[in-house]
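Single-structure report; data block below.
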Amino acid sequence: MVMLHPREKKVRSAKSRLNIFLHNLREDLTPYEFLQVLSEVTTDEWHSYTKYGIREERHPGEPDKPGGLV
C-alpha cells in the first residue's frame, strides 16, 4: 500500500484553490492580460525567493546583506 506524505493533502488543496482562482481571474481578462498578470506576479515571487536564497548562500546568517556584495 502506498502511503502519501501528510503534507500532500495541503499541497493538493492549495493547487485546487489556485486553479479555481486562476480560472475565475481568467474570466475577467483577455488571454494576453491574464498571461501578463500571471507572468509579472510569478516573476516577482521568484525574484524575492531567489534573492534571499542567494543572500543565504553567499552570506549565511546575514539576510540583510545583498548577495552581490563581498
### Query
Where does the chain land at 222 nm, in deg cm²/dmol rounded to the nearest 500, when only DSSP H runs of n ≥ 4 count, each adding -39500 (n - 2.57), divided by all residues?
-24500 deg cm²/dmol
### Query
Expressed in nm to one decimal, what extension gain is obtained for the pair Tyr52 and Arg17 from 0.36 nm per residue of sequence separation less their Cα-Cα distance?
9.9 nm
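Assign unit charges at the C-beta atoms only (+1 for Lys and Arg, -1 for Asp and Glu), then state the dipole size of the chain relative to its Cα centre in Debye, rounded to the nearest 20. Numbers along the way, then the final one.
On the way: 11 positive and 11 negative charges, 94 e Å.
About 460 debye.
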### Message
What is the angle, in °, between the Cα long axis of helix 31-58 and the longest principal axis of the Cα atoms in the chain? Nearest 10 is fine, range 0 to 90.
### Response
30
### Task
Check the straight Cα-Cα distances from Lys65 and name the lysines below 26 Å, setting aside those fewer than 8 residues away within the same chain.
Lys51
### Query
When log10 I(q)/I(0) by the Debye sum over Cα atoms at q = 0.23, 0.25 Å⁻¹ is calculated directly from the model, which label among (1) -0.94, -1.00; (2) -1.00, -1.16; (3) -1.08, -1.29 fits?
(1)
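No lab work stands behind these numbers, since they all come straight from the coordinates. Values in this document were obtained by computation on a predicted structure and should not be read as measured data. Note: ideal-geometry Cβ built from the backbone for every residue, glycine included; neighbour counts use all protein chains shown.
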